[in-house]
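Shown next, in structure tokens, is the structure this report addresses.
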Amino acid sequence: MTAEAPDKTSGWRGSRELWLAAAKQALVETGLDAVKIQLLATRLNIARTSFYWFFKDRQALLDALLEHWDAKNTGAFLDAADAYAETITEAILNLIVVFHDDTLFEPQLDFAIRSWAHQSDAVMSRVNSADDARLQAIRRIFERFCYDPPEADVRARTVYLTQIGYISMQVQEEPSVRVMRVPGYVKTFCGENPTTNELDRFYARLGVPPATARPKPSKG
């Protein structure tokens, strides 16, 4: 996610994507106060005036950041909810992939946007709308597999609020440990155990050798 300072001539203006990447990096690393035109220009080693070729003003950049976050992070939930699955356990595994793959969903960006929301009613409203959309998407998964609406709602909240808890608490957990817990999470979320084949496909999507991901049998 790092926006490297480009080695260009002094007349180079950068690009919209470069300014947006630098803004995202600054927001995640430092917070909203770091997302300022001069600070970003210094970070990129580009003239401040170059910014205005791509954005009207700072607010336009902030709006673009919100659009990027919503399209990527909320979009990941919507795509996972609509992905093909023959069983509820396979559908839940499709969703859990999102939690483990930073190329699909950026937890640090989600945390930064939620922190920003505490300073802006408009951003808080946007976050609330995103949360509603994500919950509705997860709820549809359960309803698709014939869970009654009240149960689908509670299970969807269990899935989603668990993930938001990981983000809000900034949980530091070894990836191997978290992956090993996946079968237990699936059982907790939907009440059924995933099959070995379903888990193997899940591990393959994450590039994890199945033998190292499966929970170790307890002794005694």
Exercise for the section: Any chance you could give the angle, 0 to 90 degrees and rounded to 10, that helix 149-168 forms with the longest Cα principal axis of the chain? Expected result: 50
Practice task
Starting with the fewest neighbours, write out Asp101, Asp110 ranked by other beta-carbon atoms found within 10 Å of each beta-carbon.
Solution key: Asp101, Asp110
Exercise for the section: Scan (i) 19.3; (ii) 20.0; (iii) 18.7 for the value of Kirkwood radius over Cα pairs in Å calculated from this model and give just the label. Expected result: (i)
Fill in the blank from the handout: Helix 196-206 sits off the longest principal axis of the Cα atoms of the chain, rounded to the nearest 10 on a 0 to 90 degree scale, by 10
Completion exercise
Distance in nm between Tyr166 and Arg13 label points, each 7 Å along Cα→Cβ, equals 4.1
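FYI, it's all coordinate maths here, none of it is from the lab. Just so you know, these numbers come straight off a predicted model, no measurement behind them. As a convention, Cβ positions derive from the backbone with ideal geometry for all residues, glycine included, and neighbour counts pool all protein chains shown.
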